[in-house]
Structure formats: C-alpha cells, structure tokens
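Q: Here's a structure for you.
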Amino acid sequence: MASNIDILLDKSGGLLPGGSAPYGALPAFTRNDVYPFRIRVLERNSSGAYTDAVLSSPSFSLGIGDIGSIPTDGQFKLTTTTGTSNAISFNATTAQVLNAVSAIAGNVTVTTYGSSGSSWIVTAATANTALSFGGLSFTLFPTSAIQINTRRAPTASVYAQQIISLGRSPAVFANAFTSVSGDGISLTKIQDGSSTTNETYALSIGNDVYGGSYSLAYGGYSVGIDYNQTAVNVTTVLSAITGIGGNNISVQSDSKRGLIISFVNALGLQNVSTALTLDASGVQVYNWYTSTITMSTSEIEELFNEAGTDTITPTLEIEMTEAGQTKTLLQYTSSISKDLILTGASVPASLASYYTAAQCDSLFISDSATNVNAANRSLKSSSGVTAVNYGGRTLLNAAGSTVVSFSTGLALSGVMGFYGSTPTAQPTNINVVSGIIAVGLLASGTTYGVLPTSPYTVTTLTSVSFGTVNSNDQHYRDVTVIGAAVNDVVLLGLPASVSAGAIIQGVVYKTNTVCLSCTNADNGSISVNTATYRITVIGY
C-alpha cells in the first residue's frame, strides 16, 4: 500500500498547498497500487488564516475518469410508470430510440441532442402532458450512468421535453469516507534501564497535531507541556518533578517532531520502577475524512487502451455534500502510469552461455581419435567413412556417396523414403499416387482424391455384356463399386474394341452401385458382347 495521499481543500473550492501537494501539485499514481486518501476541508477565519472548516455531517465522493466521455459498447433501458423499454444500443439512432420509447410512453418524438451520439431529446406529442423517464444501465460498458433531465416542463401551450444522456462513470470511485482524528501524541518505552543502559522513552508528535498541550506524570506528579515545546524546555519542566530532580533527565529532539527522554545520572544505568506516563487529551489534532482507493479496475484498463500510452491523465474530482447541498471542491488533472511488476511476475532466466567463434574453431581440430578432419572440414563415422562434409556442404551414406547436398538449395540423391518407409529409387512408368505411396509420403491401403477437394478415388475391373441392342435403343447393367456415392464422377475405360455406333456411359445412382448404359445410335441393331471395362469413381 502506498503512503497517505493528504489533500487540503478550500471549502469554497480548490486545492491548497500542503499535505501531499506542498507546492500545489499532487503526486502521480501507479496502476494497481492502493492509496489511503485523506481529505481536510479548510476555510479562512476572520483574520484571513486557514483553519479547519466547521462542517455538519458532510459526505464525500471521489472519482477519477474522463469528463464527458461516453460508453463504447452495450445497451440501456428506459422506464416509466407503465413499464420498461426494450434494450437500446448505446449509439442508437433516433428511430431506434423512438421505437423503444413509444412502447412505454405512447406517442412522442425523438431527436438527437448535441454531437456525442449518445444523447436524445424526447418530446411529448401533446401540450401539457408530462414525461417522466427513469434509466437502467443494463449492459453499458465501460460502466456508465443515464442522466435524465427535464428540458421543458409541460403547460397548456408547452410540449414537455426530457433529455436522455449517457455518460461514462468514473474509472475509480469511492464515496465511503470516514471521519477520523489525525496522528496525535504517543509515549513508548523503547529501552529498559539496566547496569549498562539508561531507561528511555520516545515521545512521538504527529504531523496532525496543531495546538493544545499534553501532560507527563511521574510518581504521582504531573506537568503540563505545550505541544511545540523545545527539548531544552521539556528538560527543565521534567527536572522540576519531585522524584526526578535536576540533571537526572535528558531530552533530545528526534529526527521528526518528537523527543527522546532518558533517565540519567542518579536515575541512569538502572531499571526505573516508576513509569513515565502521558495524558494527551488536551492536544488539538486535525480531523481527516479517509477512504482507501485502488487504481485497479477494468475501466482504468479501458482508459489505457483508448489512450494507447503508458501514462494517462484523467480528471480527479472531489465533491462534498452537506445539509443536502452538493458542491464540487476539486477538479484536478491527475497522472496514472502503468506498473511494470505484474501479478505472476517471475525472475528471468540467466543469460545463456555460448561458445565464441574462436572456441568453436578450436574444437574442430585434426584428431583421428574423434574422427574430425579440420583440414578438409569433415566429420567421419567410427569406420572412418566421411559422414558430414561441412566444407562441401553434403551428407554422405555408409558407402561414402553423397545423398544430400545443400550448397545452393536442398538436393537429394539416390533412393528416398519418408515416415519410416524403405528408401526407394526414383519411380518410373508408374501411377503418380502409387509413386508417392512408394516413397512413403502417402500411407498405403488408403483411398485418395485425384481432383482438388475430392475425398477419394475408387476403381474396379468388371466384365459386362449388353447383348444385342436394337436401333435407337438402350441396355443397362448395374456394377457394384464399393465406396461409390450418388453424385460422384464416373470415368470409364473401354475395351480395345467396341461395336461401331455404341455409346457407353456410367452414373452412380445409388450407394456402391454404378449403372452402365449402352445406347445404339445406328439404324441397325448391334451386338455388344462380353468385354472388360475399367470403372473409376472420383468422390465429388
């Protein structure tokens, strides 16, 4: 948690020097940090000096955000005594707003208001007819509010109007401020007396002490001391207490406003059984109104996203409500920066160590024991055959023949195999798919489409006889082709000799079945006897 943000405000409005703004400027904030805010309200007295303002049960609200900004997404709803409208988009057109409002308010008109794109005027259709809308934020994002104001009150000759405006809520907001007294005066024993140490107390005087007096008591005797007395004066006062006496007490100023009080001389180097006590009821202490603010909301993230920077400058606003009256005491351009250390941050790994070029070169030396040939720039297998010729940029097989060259590109020589298949020499006079299967790029035993996007190809050889086909007649034969489906493409491989005038076609008309047709386009009858046909079906 960050240190207190102490803000001194003029009751008439404005930031006063002092607290966390000694020169009139508040410190910058950091995203995800938590800040205890403390507010003091001052006013001038009759002599013109600032003193704590006399307030009657005030309440405070603090917001940080962009004034005048509107939601960027989501929907809202409007309400009347008759019901709730349908959801309305944050950037709805007048027609869309009218459609939603008419369902709950009857005959009205809607026009745009201003240039924000998220404000509309609703006008009653008849004079002296009141309008009274309420608003529901529904799914507006970032978190937003619906402002509804009466622009014109209805009279016998005036048509009532209400303004409906969407405005983004503060990215950070707090309205639970508690009245507390500031840091006062306290007394703490910081060291017990012994044969080697003096009994010592620390009197702390807080920065919020501004007047009055406190009392110190010892052995039934007490003395009053003004809150701002020096160490020398306090020494004199305490020395006059019966039981202490002169020269038996030492008072020194600490590094702040406090005092260090030690028993010395006749009361030193021993445990002092009589305690030194404090009564601070007469001290006057400033009063603060406090609340804890967290700079971690989705709306803060949205401001960073919209700005596209690591630092944003939203407005910090503080308002006070007293006796039913609300007054804005401060509007200040604040600064919020992104934080570097995020939740889940971890220690980076150490920088990896690498060999230098010289160290690498030194490892590649002529060494028959490790099969390194630095002169010819090659590595050999345990049998003495060169396996890697990094000078010539080649990889060699067990016989010492080049199988891979990578000097100007990647070139493979000799046999080839993929995915664990047996290396195969370059296929010749073979179906393309079969060749690819042979070298292992495609798995065997699986069907493949041969056209773009076709999922499969199936084929079969079958003997078919169409018999005698009369002129202008057709004969049909069904052939089983497992895997064929309706709408697939059918290719036919015809036998070496087909009767003149015969037109042979094929079509898949049901699952796993191809229908072959033979049409006689001649004037006389023809015989289409038994022959072998290649039927190939390509998945559609």
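Q: In region 262-286, how many residues are of a type outside the set (A, V, I, L, M, F, W, C) and assigned to a helix (DSSP H, G or I)? Reasoning before the result, please.
A: Of all residues in region 262-286, those of a type outside the set (A, V, I, L, M, F, W, C) come to 262, 265, 268, 270-271, 273-274, 277, 279, 281-282, 284, 286.
Applying the additional criterion that residues be assigned to a helix (DSSP H, G or I) yields 265.
Qualifying residue count, region 262-286: 1.
Q: I've got another one for you. Please state which one of Ile503, Ile482 is assigned to a loop (DSSP other than H, G, I, E, B) and either open to solvent by less than 80 Å² (accessible area, probe 1.4 Å) or of a type in the set (A, V, I, L, M) (or both). It would help to see each step written out before you state the result.
A: Numbers: Ile503 fails: assigned to a loop (DSSP other than H, G, I, E, B).
Exactly one of Ile503, Ile482 is assigned to a loop (DSSP other than H, G, I, E, B) and either open to solvent by less than 80 Å² (accessible area, probe 1.4 Å) or of a type in the set (A, V, I, L, M) (or both), namely Ile482.
Q: Further question on the same structure: Could you please give the count of residues in region 14-47 that are part of a loop (DSSP other than H, G, I, E, B) and open to solvent by 30 Å² or more (accessible area, probe 1.4 Å)?
A: Of region 14-47, the ones part of a loop (DSSP other than H, G, I, E, B) are 14, 16-17, 19-20, 22-28, 31-33, 45-47.
The next check asks that each one be open to solvent by 30 Å² or more (accessible area, probe 1.4 Å); those that pass are 17, 19, 22-25, 27-28, 32-33, 45-47.
Residues meeting the conditions: 13.
Q: If I filter region 297-313 for residues that are aliphatic (A, V, I, L, M), without any contact (Cβ under 8 Å) to a residue 24 or more places away in the chain and surrounded by fewer than 16 Cβ atoms within 10 Å (Cβ to Cβ), do I get at least one hit? Reasoning before the result, please.
A: If we filter region 297-313 for residues that are aliphatic (A, V, I, L, M), which is where we start, we get 300, 303, 307, 312.
Now drop any that are not without any contact (Cβ under 8 Å) to a residue 24 or more places away in the chain, which leaves 307.
After this cut, where a residue has to be surrounded by fewer than 16 Cβ atoms within 10 Å (Cβ to Cβ) as well, the list is 307.
Scanning region 297-313, I find at least one residue that is aliphatic (A, V, I, L, M), without any contact (Cβ under 8 Å) to a residue 24 or more places away in the chain and surrounded by fewer than 16 Cβ atoms within 10 Å (Cβ to Cβ), so the answer is yes.
Q: Do we find that Gly243 is part of a strand (DSSP E or B), surrounded by fewer than 19 Cβ atoms within 10 Å (Cβ to Cβ) and in contact with a Phe, Trp or Tyr (Cβ under 7 Å, 6 or more places away or on another chain) in this structure? Walk me through it before giving the result.
A: Numbers: part of a strand (DSSP E or B): no; surrounded by fewer than 19 Cβ atoms within 10 Å (Cβ to Cβ): yes; in contact with a Phe, Trp or Tyr (Cβ under 7 Å, 6 or more places away or on another chain): yes.
When the stated conditions are applied, Gly243 does not pass them.
Q: Let me ask something else about it. Among what's in region 318-360 and is part of a loop (DSSP other than H, G, I, E, B), under 19 Å from Phe29 (Cβ atoms) and open to solvent by less than 100 Å² (accessible area, probe 1.4 Å), pick the residue that is modelled with the lowest pLDDT.
A: Looking at the filtered set, the residue picked out is Leu342.
Q: Follow-up. From (1) open to solvent by 40 Å² or more (accessible area, probe 1.4 Å); (2) over 24 Å from Ala174 (Cβ atoms), pick out the condition that doesn't hold for Leu78.
A: For Leu78, the exception is condition (1).
Q: Another question about this same structure. Only one of these is modelled with pLDDT of 70 or more, open to solvent by less than 40 Å² (accessible area, probe 1.4 Å), among the hydrophobic types (A, V, I, L, M, F, W, C) and more than 27 Å from Cys515 (Cβ to Cβ): Ala398, Ala425, Ala387. Name it.
A: Details: Ala398 fails: open to solvent by less than 40 Å² (accessible area, probe 1.4 Å); Ala425 fails: open to solvent by less than 40 Å² (accessible area, probe 1.4 Å).
The match here is Ala387.
Q: May I ask you to verify whether Ile104 is closer than 27 Å to Met295 by Cβ, in contact with a Ser or Thr (Cβ under 6 Å, 6 or more places away or on another chain) and either without any contact (Cβ under 8 Å) to a residue 40 or more places away in the chain or not in a strand (DSSP E or B) (or both)? Write out each step before concluding.
A: On the way: closer than 27 Å to Met295 by Cβ: no; in contact with a Ser or Thr (Cβ under 6 Å, 6 or more places away or on another chain): yes; either without any contact (Cβ under 8 Å) to a residue 40 or more places away in the chain or not in a strand (DSSP E or B) (or both): yes.
Taking the combined requirement at face value, the residue does not satisfy it.
Q: Tell me, which strands (runs of 3 or more DSSP E) lie completely within region 138-180 with 2 or more residues that are modelled with pLDDT of 95 or more and among the charged types (D, E, K, R)?
A: Per the criteria, 144-152.
Q: What's the total number of residues in region 48-57 that are without any contact (Cβ under 8 Å) to a residue 12 or more places away in the chain and either open to solvent by 70 Å² or more (accessible area, probe 1.4 Å) or in contact with a Cys (Cβ under 7 Å, 6 or more places away or on another chain) (or both)?
A: In the first step, residues of region 48-57 are kept if they are without any contact (Cβ under 8 Å) to a residue 12 or more places away in the chain; the result is 48-49, 51, 54.
From what is left, the residues that are either open to solvent by 70 Å² or more (accessible area, probe 1.4 Å) or in contact with a Cys (Cβ under 7 Å, 6 or more places away or on another chain) (or both) are 54.
The number of residues fulfilling the criteria is 1.
Q: Output the residues belonging to region 58-101 that are touching a Lys or Arg at 6+ places or on another chain (Cβ under 7 Å) and without any contact (Cβ under 8 Å) to a residue 40 or more places away in the chain.
A: Of everything in region 58-101, those that are touching a Lys or Arg at 6+ places or on another chain (Cβ under 7 Å) and without any contact (Cβ under 8 Å) to a residue 40 or more places away in the chain turn out to be Ser85, Ile88.
Q: Give the residue that is surrounded by the fewest Cβ atoms within 10 Å (Cβ to Cβ), with candidates limited to residues of region 485-500 that are outside any strand (DSSP E or B) and of a type outside the set (S, T, N, Q).
A: Step one: filter region 485-500 for residues outside any strand (DSSP E or B), giving 485-488, 494-500.
Add one more test, that the residue is of a type outside the set (S, T, N, Q), and what stays is 485-486, 488, 494-496, 498, 500.
Numbers: Ala485: 17, Val486: 11, Asp488: 19, Leu494: 12, Pro495: 15, Ala496: 6, Val498: 15, Ala500: 8.
Restricting to residues being outside any strand (DSSP E or B) and of a type outside the set (S, T, N, Q), the top hit is Ala496.
Q: Can you pull out every residue in region 442-475 that is loosely packed, with under 14 Cβ neighbours inside 10 Å, of a type outside the set (S, T, N, Q) and either at negative phi or modelled with pLDDT of 90 or more (or both)?
A: Ala443, Leu451, Pro452, Pro455, Leu461, Gly467, Asp473 - these are the residues of region 442-475 that are loosely packed, with under 14 Cβ neighbours inside 10 Å, of a type outside the set (S, T, N, Q) and either at negative phi or modelled with pLDDT of 90 or more (or both).
Q: Quick one: in region 31-74, of everything that is of a type in the set (S, T, N, Q) and within 22 Å of the chain's Cα centre (by Cα), which residue is farthest from Ser144 (Cα to Cα)?
A: First pass over region 31-74, keeping only residues of a type in the set (S, T, N, Q): 32, 45-47, 51, 56-57, 59, 61, 69, 72.
Filter once more, keeping what is within 22 Å of the chain's Cα centre (by Cα): 32, 69, 72.
Working: Asn32: 22, Ser69: 9, Thr72: 10 Å.
Among them, the one singled out is Asn32.
The values are calculated or read from the model by the stated rules, or taken from the named source; none is laboratory data. Computed from a predicted structure; not experimentally measured. Glycine also receives a Cβ, built like all others from the backbone with ideal geometry; neighbour counts cover every protein chain displayed. Ligands, DNA and RNA are excluded from the accessible area calculation, which covers all protein heavy atoms including side chains. Shrake-Rupley method; radii C 1.70, N 1.55, O 1.52, S 1.80 Å.
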